[in-house]
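The values are calculated or read from the model by the stated rules, or taken from the named source; none is laboratory data. Nothing here was measured: the structure is a model prediction, and the numbers come from that model. No Cβ is skipped: glycine too gets one built from the backbone with ideal geometry, and neighbour counts run over all protein chains shown. Calculation scope for accessible area: heavy atoms of the full protein, side chains included, ligands and nucleic acids excluded. Shrake-Rupley method; radii C 1.70, N 1.55, O 1.52, S 1.80 Å.
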Amino acid sequence: MNKIAKLFITSISAITLALVSFTSSFAKVEGDYIVLGSAISLTGKYSSNGVHTQNGYNMAVDRINKMGGVEVQGKKYKFEIIYYDDESNPKRAAQLAERLIKQDGVHYMLGPYSSGLTKAIAPVTEKYKIPMVEANGASRSLFTKGYKYLFAVLSPANQYLEVAIDLAVEKNGGKGVKIAQAFEQDAFSQDVRLGILDAAKRTGSEIIIDDKLPKELNDMAATLAKVKATKPDVLVVSGHTKGALTAIRQISEMKVDVPMLAMTHCDAAKLSKQHGKKSEYALCASQWHKNLSYKDKFFGSGKKYAKDFQKEFGYDPPYQSAESSAALLVFKDAFERANSFDRDAVRDALVDTEMQTFYGNIKFGPGGQNVAKPMILFQVRCKGDDCENRVVAPTKWASDKFYHPIPKWSERS
Amino acid sequence: MNKVKQKDLILYSGLIILGLAAPYLFSAFKVQLTYLCVLIVLAMTWNLQGGEMGYNTFGNILFYGLGMYLTASVQVGMFFPLAEWTESGGEKTFVHTTAQYFQGIGVGLLVSAIVPAIVAGAIGYAILGLRGHYFAICTLGLGIAAGEIAGGIEIIGAGQGFTTPPFPAEIVDTEARGKFFYFLSFALLIGTFVFVKYIYGSRFRLILNAIRDNEDKAEAMGIQTMKYKIVGWMCSAFFCGLAGGIMGGLIGYIDSTDVAFDGREMGVFMVLMAILGGKGTLWGPVIGATLFHFFKEGLWTLILGWQYVALGVLIVVIVVYFPEGLMGWLREKYPERFGEVIDDKDRKAQVELK
């Protein structure tokens, strides 16, 4: 036993030494680089959206660095991001945020993907007073906590599909509609649900099916069977990328006829490519669409951004990428206005942000959410086998008329 | 005998001093050190079933998650209406005073130790009659079911998750929170270790081993195996619940399947760590958990996106090359150092046989 004990003590002291030599942390600004940190989901259930987010960040970093970088006190700096994989797990995300701040010495953070992970990270950044600009945490409860260092470039989750209910009521001649809804048990989707509940109350609509679906949504046949039986006016589904794919797959397999189908994450799921004509007429909430006419000097218009993104990563940018790119533009703007690397000065500059980017206008409300940008709805429409997303609401941006009701499966070719 | 004890004394006091000094020496690593303590506790308690009793349980994660939810619920519920705290994903904000925070977490931890132990007793009574694979599969179901059920209970946040009370803002020192949770988990580690070491010197362990080696024979000897199996599991649940309670406070956000009833990660890790170090030994789980944690924290980030592949390879390597774990491997290589006397003739005979 004593030999073992010795061995144990030796190894512990070796580890100790190794640790001590690693503790020397980096500085927030190293040479010509401003170091940002981000925990991002590269594996696990959010991995596809995590990669969209990371691509958005990287695209903006490259672009800003190429176009001269960030000018602070007369000196040009470049952005650099330290990434860790949070494995789509809030526990891991909180731990990595701590690691980025304490060990890597990061003083400015970019958000992770999804509301749940942002909820886990926000208390950490708040504790250490680290400004975090996040682009993918939309849960309303993030903005009622009085967080001072959290800034979101996107609209809160409850606004995602409220407009869809309004549209349905309008098509129903102003009378309340029957709503069937199914949401994943996750922070974001449940928040979308809260928005629908509000909208239903406001419009006098009735919710006839209210299902909760498990995470990593692969089957919702039970809900769809009920929909077939009860014939609601609107079916609302939200469950990140997998939810969108599952819904379309099973609706088409089971030939569920419903006059209106509203969803989230259609473009992240590349719905119009993956399911083609089966996904036609689906109505999708989106933070951004390339056809909107916002502009900035880094990416030009949304269309230009989409083209460059396509060239770089080989697919059409979903809004998750666009909003992530916008987060970097916000940081650059704030650094330049603060003209300092002092965290509180940067934080104060972020509070005063009022700018237009290719992604939309950005101005932060008292809770940190973006109040200057409306949500949009698009509808998948097909010409032959070629499907694309067309903006149908709000009317200011609409390029197409909203098609209602969805034809029955027996009438669809 | 006395000499060995003195060596032990040096070892233990050395480790305790190291443990107490660690958050000051490696200030930036406090959270990881807290994780390490909790991981060791989980591995040691798993070892009581998997190693000593021969019952491979995947259900200990149930007690861990239960402890997490209980601590947070009690901490909130003692001072504020819990339903309002978690409503709509926790939109309303209530603020704990410093005294409320610590009172809450104290009582919460107490509850999170006792209730999981009682639950373990009740479930154990029902399912500890199962043996071998049947028991393993049954317990695997426990964690998954608990996660799904918790995800549907509105009062603890359901799918939206449960934000645990933030550390009191009146304490300005940003290091205080890290230190608090570290020392809490370190105290738990010492408590668990002392308890497990006590069991190792007791008749109780011999009974557990008898159950592992031949349960029918043990019963024939007049041992009430069911009673001991249940008590053993309740002991594990007691410490797992505490570990969960501490982790909930540290993470700050409880999600039903990803944080609390996290069978896919924590549930597998505790088994892996115990096997890596050597199940059925006192130090095996400690060493296994330490090595695993260093491996994970050190290499994980170097192989972004491939870490679970690496983990899979690690599991295969452990199972194929170190089926008895590191301690078992060392014991086979250097039996003298473990106090086993091997006859020289015997060894020669073995060599000839090969």
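Which of the residues belonging to the range B:39-59 are polar (S, T, N, Q) and touching a Ser or Thr at 6+ places or on another chain (Cβ under 6 Å)?
Taking the range B:39-59 first, the residues polar (S, T, N, Q) are B:45, B:47, B:49, B:56-57.
Matches in the range B:39-59: B:THR45, B:GLN49, B:THR57.
Report every pair of residues separated by at least 6 positions or lying on different chains whose Cβ atoms are under 6 Å apart, first residue within the range B:305-317 and at pLDDT below 80, second in a helix (DSSP H, G or I).
Listed by first residue and then by second, the contacts come to B:GLN307/B:TRP300.
Quick one: count up the residues across the range A:109-143 that are in contact with a Pro (Cβ under 9 Å, 6 or more places away or on another chain) and assigned to a strand (DSSP E or B).
Of the residues in that region, 2 qualify.
Taking only the range B:187-226 into account, find how many residues are among the small types (Gly, Ala, Ser), over 23 Å from B:ASP8 (Cβ atoms) and surrounded by fewer than 16 Cβ atoms within 10 Å (Cβ to Cβ).
2
Does the range B:267-274 include one or more residues that are under 30 Å from A:GLN54 (Cα atoms) and not aliphatic (A, V, I, L, M)? Even if it seems obvious, please write down each step before you answer.
Start the filter on the range B:267-274 by keeping residues that are under 30 Å from A:GLN54 (Cα atoms), which leaves B:267-269.
Filter once more, so that each one left must be not aliphatic (A, V, I, L, M): B:267, B:269.
So far as the range B:267-274 goes, yes, one or more of its residues are under 30 Å from A:GLN54 (Cα atoms) and not aliphatic (A, V, I, L, M).
Give the range B:251-268 a look and list any residue that's more than 8 Å from chain A (Cβ to nearest Cβ) and either under 25 Å from B:SER73 (Cβ atoms) or not in a helix (DSSP H, G or I) (or both), or say none.
Within the range B:251-268, B:ILE254, B:ALA260, B:PHE261, B:GLY263, B:ARG264, B:MET266, B:GLY267 qualify.
Taking into account only those residues within the range A:96-115 that are within 15 Å of the chain's Cα centre (by Cα) and closer than 15 Å to A:ASP85 by Cα, which is surrounded by the most Cβ atoms within 10 Å (Cβ to Cβ)?
Filtering first and then ranking leaves A:TYR113.
Restricting the range A:182-214 to residues that are in contact with an Asp or Glu (Cβ under 9 Å, 6 or more places away or on another chain) and open to solvent by 60 Å² or more (accessible area, probe 1.4 Å), which is nearest to A:GLY243 (Cα to Cα)?
Here the residue is A:LYS212.
Suppose we filter the range B:158-179 for residues that are buried (at least 20 other Cβ atoms within 10 Å of the Cβ), within 28 Å of B:LEU36 (Cβ to Cβ) and not basic (Lys, Arg); how many remain?
Count: 7.
Inspect all residues belonging to the range B:35-56 and state whether any of them is free of Cβ contacts under 8 Å to residues at least 24 places away in the same chain and open to solvent by 40 Å² or more (accessible area, probe 1.4 Å).
no
If a residue must be of a type in the set (A, V, I, L, M, F, W, C), over 28 Å from B:LEU314 (Cα atoms) and open to solvent by 10 Å² or more (accessible area, probe 1.4 Å), how many such residues does the range B:227-249 contain?
6
Within 30 Å of A:ASP233 (Cα to Cα), over 23 Å from the mean Cα position of the chain (by Cα) and surrounded by fewer than 23 Cβ atoms within 10 Å (Cβ to Cβ), is that true of A:SER340? Give the steps one after another, and end with the answer.
Values: within 30 Å of A:ASP233 (Cα to Cα): no; over 23 Å from the mean Cα position of the chain (by Cα): yes; surrounded by fewer than 23 Cβ atoms within 10 Å (Cβ to Cβ): yes.
It is false that A:SER340 is within 30 Å of A:ASP233 (Cα to Cα), over 23 Å from the mean Cα position of the chain (by Cα) and surrounded by fewer than 23 Cβ atoms within 10 Å (Cβ to Cβ).
Applying the selection to the range B:269-282, what residues are open to solvent by 10 Å² or more (accessible area, probe 1.4 Å) and either on the phi > 0 side of the Ramachandran plot or within 13 Å of chain A (Cβ to nearest Cβ) (or both)? Steps first, please.
Let us first name the residues in the range B:269-282 that are open to solvent by 10 Å² or more (accessible area, probe 1.4 Å), namely B:271-272, B:275-276, B:279-282.
B:GLY280, B:THR281, B:LEU282, listed by residue number.
Is at least one residue of the range A:159-181 open to solvent by 10 Å² or more (accessible area, probe 1.4 Å), within 15 Å of the chain's Cα centre (by Cα) and facing chain B (nearest Cβ under 9 Å)?
Within the range A:159-181 (the criterion being open to solvent by 10 Å² or more (accessible area, probe 1.4 Å), within 15 Å of the chain's Cα centre (by Cα) and facing chain B (nearest Cβ under 9 Å)), the answer is no, since none of the residues qualifies.
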